[in-house]
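Derivation of every value follows stated rules applied to the coordinates shown; laboratory data play no part. Fair warning: this is a prediction, and the values are worked out from it, not measured in the lab. In this analysis, Cβ positions are derived from the backbone assuming ideal geometry, glycine residues included, and neighbour counts consider all displayed protein chains.
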Amino acid sequence: MLLYNLTLSLAISEGLSKCDKPERLKKLAAKKRNHSRRLKYISRSELWSVIKIFPFLKPTLIYEDIVTQVSVAELKKLGIKGVVLDLDNTIMAPKSARLELPVEYWLEVMKRNFKLIVLTNNKKAKYLAAVKEVLDIPVVGFALKPFSLGMKEVHSYLDMPNDKIAIIGDRPLTDIWLGQRYGFKTVLVKALTGHIEPKWKYWLRKLEWSFVARN
């Protein structure tokens, strides 16, 4: 995540230096300002709390399949009352704002059993608005997981102890890392579109999963 933030900042800076179109220049400048404003809320102490837990990613549950295989009974056995869901590649294909039927059925069952909220690093307002319409549950965007920027909204909505909350996602270095920091039960699943992703993304995911400690 730190590498991502640094890379994004450098990419925006590079774009500004190379841009010769006024409209594009304004957009890039605004993007850089928004990103900087978001990052300034990350304190040094939080930065350290994120870094020190990094080598010890131990999901409570690991599913070698997509999210629809996550069992309501298994979550209830853990005492779960509320669930934080990742968005892209966990419950929806990226950029689709559309649910596949199996995921839609699974979500309906989950809604009947748990209080649900979506926490995503996606920051595109129009896309997130469309997602809210489809899901009919709260969606918190631009969360910068594994940092805590979206957690105020999550805690305010769920309004329950951390040990009663589970986070479900396909990314060890964002979803699981964040959940472990907060004492949530953590559920790692496979990406929805993992089977059709380009090779470079496949190897990136493989590298990310290498940081997961398995029992």
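Filter the GluC sites (Glu not before Pro) in the stretch 79-125 to those in DSSP coil with at most 16 other Cβ atoms within 10 Å of their Cβ, and list the result. Display every interim value, and only then the final one.
Details: sites: GLU100, GLU104, GLU108; in loops: GLU100.
Within the stretch 79-125, the qualifying GluC sites (Glu not before Pro) (loop, at most 16 other Cβ atoms within 10 Å) are GLU100.
With θ set to phi - 60° and the Karplus curve 6.51 cos²θ - 1.76 cosθ + 1.60, what are the ³J(HN,Hα) couplings of the stretch 101-114 in order, to the nearest whole Hz, using x for Gly and Pro?
3, x, 6, 4, 4, 4, 5, 4, 5, 4, 4, 6, 10, 9
Suppose R0 equals 35 Å. What FRET efficiency, 1/(1 + (r/R0)^6) with r the Cβ-Cβ distance, do TYR157 and PHE211 give to the nearest 0.05? Before the final figure, lay out each step's value.
Values: r = 29 Å, r/R0 = 0.84.
Calculated transfer efficiency: 0.75.
By how many nm would the segment from GLU100 to GLU133 grow when fully extended, if each residue of separation counts as 0.36 nm and the alpha-carbon distance is taken off? Kindly include the intermediate steps, with their values, before the conclusion.
On the way: separation 33, 0.36 × 33 = 11.88 nm, distance 1.50 nm.
That works out to 10.4 nm of additional length.
What does the charge count near VAL131 come to, summing +1 for each Lys or Arg and -1 for each Asp or Glu among other residues with Cβ under 11 Å from its Cβ? Write down the numbers at each step before the final one.
Values: positive: LYS95, ARG98, LYS124, LYS126, LYS132; negative: ASP88, GLU133, ASP136.
Local charge sum for VAL131: +2.
For the stretch 192-211 and the stretch 71-86, compute the distance between their C-alpha centroids and round to whole Å.
The stretch 192-211 and the stretch 71-86 have Cα centres separated by 26 Å.
Sketch the reach of a paramagnetic label on LYS201 as a point 7 Å from Cα along Cα-to-Cβ, and name the residues of the stretch 58-102 whose backbone nitrogen lies under 12 Å away.
Under 12 Å, as judged by backbone N against the label point of LYS201, lie 88-90, 93-96 of the stretch 58-102.
Through the Karplus equation 6.51 cos²θ - 1.76 cosθ + 1.60, θ set to phi - 60°, convert the phi angles of the stretch 132-148 into ³J(HN,Hα) values in whole Hz; use x for Gly and Pro.
Once θ is set to phi - 60°, the couplings for the stretch 132-148 become 4, 4, 6, 7, 6, 9, x, 10, 10, x, 6, 7, 6, 4, x, 7, 9 Hz.
On the Cα set of the stretch 101-172, report Rg and Dmax in Å, please.
My reading of the Cα-based Rg and Dmax gives 12.5, 33 Å.
With labels modelled as points extended 7 Å from the Cα through the Cβ direction, what inter-label distance (nm, one decimal) is found for LYS58 paired with VAL72?
For the pair LYS58/VAL72, the computed spacing is 3.1 nm.
List the trypsin sites (Lys or Arg not before Pro) in the stretch 153-215 that DSSP assigns to loop (not H, G, I, E or B) and whose Cβ has at most 10 other Cβ atoms within 10 Å. Which are they?
Working: sites: LYS164, ARG181, LYS185, LYS190, LYS199, LYS201, ARG205, LYS206, ARG214; in loops: LYS190, ARG214.
Taking the stretch 153-215 and a limit of 10 other Cβ atoms within 10 Å, the loop trypsin sites (Lys or Arg not before Pro) found are ARG214.
Near the amide H of LEU116, under 5 Å away, which other amide H atoms are found, from residues 5 or more places off or on another chain, if H is placed in the peptide plane?
Answer set, sorted by chain and number: VAL83.
Based on the mean of other Cβ atoms within 10 Å per residue, sort peptides 144-151, 57-64, 80-87 so the most packed one is first.
Details: 144-151: 21.9, 57-64: 16.8, 80-87: 23.9.
The packing order, highest mean first, is 80-87, 144-151, 57-64.
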